[in-house]
Amino acid sequence: MDEHGAITRGDISKKQIALVFTGDEFADGGTIIADVLKKNNVKASFFLTGNFYRTPAFNSVIRRLKSDGHYLGAHSDRHLLYADWTKRDSLLVTKKQFMKDLNKNYKRMKAFGVRKTDAPYFLPPYEWYNKSIARWTAEMDLTLVNFSPGTRSAADYTYPGMSNYKTSEEIYNSVMNYEKEEPTGLNGFILLTHIGSDNRRPDKFYLKLDELINALKDKGYSLTTLQQLLQ
């Protein structure tokens with residue numbers, strides 16, 4: 001658990017990795033990701049906003065992911081920013097607003113046959129939160145999770161012109177370099193990328209997912225579900 005109250009890594013003594021995908025307004029990689037995961041016999045976790053679950057064009061992808069046995073979780077209903085970017089302890093939502101929004105997310109999930117008890121892990125929007133958010137999440141009988149720090153995998157949403165833009169090759173290398181240089185490698189890692197990205201991004205990282213999975217398997221890693229990773 002990190003200093004802000006979220007679980008960010010599993011057992012570092014085991015060569016296990018959980019692939020996690022988040023989604024809000026883009027789903028262009030959905031079918032490709034699902035195909036690659038099925039080809040490699042890998043189960044992953046998808047944290048999607050109410051906005052995503054509400055979008056009719058995304059319904060077939062959601063149903064495909066569920067039928068393939070992947071974890072479908074919550075990522076807030078309206079993709080709210082909970083805390084100030086520079087003063088993390090300064091909340092931008094009240095407890096009532098937080099709980100109402102998250103309950104709406106779970107209500108949308110129920111339409112796809114996903115109950116709250118099926119999805120006990122919650123990954124916050126923007127992957128940004130503080131101790132208050134962690135406490136409120138626990139009060140809703142949920143567990144707050146976030147990606148493992150150290151790589152640039154979450155930068156796959158960026159596109160040229162953004163100050164933090166990273167190419168897919170740079171993202172891939174950041175993962176493999178971390179694995180090589182750190183004593184515990186990627187053991188217990190929660191590796192986060194996105195199910196889609198802005199069309200201004202020319203090189204979609206999900207097109208390297210098959211390469212990444214095979215490289216990790218070659219290094220002896222087991223790609224497991226988030227539930228198994230955190231047991």
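The values are calculated or read from the model by the stated rules, or taken from the named source; none is laboratory data. Predicted, not measured: the structure shown is a model, and the values here were computed from it. Positions of Cβ are generated from backbone atoms using ideal geometry, with glycine treated the same way; all protein chains shown enter the neighbour counts. SASA here: full protein model, heavy atoms, side chains in, ligands and nucleic acids out. Shrake-Rupley method; radii C 1.70, N 1.55, O 1.52, S 1.80 Å.
Observations, loosely collected:
- Subset of region 8-36 (residues that are farther than 22 Å from residue 77 by Cβ, touching a residue at least 40 places away in the same chain (Cβ under 8 Å) and of a type in the set (A, V, I, L, M)): 12, 17, 18, 19, 32, 33, 36
- Every residue from region 139-161 that is open to solvent by less than 60 Å² (accessible area, probe 1.4 Å) and not in a strand (DSSP E or B): 140, 142, 146, 147, 148, 150, 153, 154, 155, 156, 158, 159
- Region 162-172: number of residues that are closer than 24 Å to residue 221 by Cβ and either open to solvent by less than 60 Å² (accessible area, probe 1.4 Å) or touching a Ser or Thr at 6+ places or on another chain (Cβ under 7 Å) (or both): 5
- Of all residues in region 162-192 being part of a loop (DSSP other than H, G, I, E, B) and touching a residue at least 60 places away in the same chain (Cβ under 8 Å), the one that is nearest to residue 96 (Cα to Cα): 188
- Test result for residue 207, open to solvent by less than 20 Å² (accessible area, probe 1.4 Å) and either within 23 Å of residue 36 (Cα to Cα) or of a type outside the set (Gly, Ala, Ser) (or both): no
- Of note, residue 199 does not satisfy the criterion of being without any contact (Cβ under 8 Å) to a residue 40 or more places away in the chain, more than 16 Å from residue 37 (Cα to Cα) and surrounded by fewer than 16 Cβ atoms within 10 Å (Cβ to Cβ).
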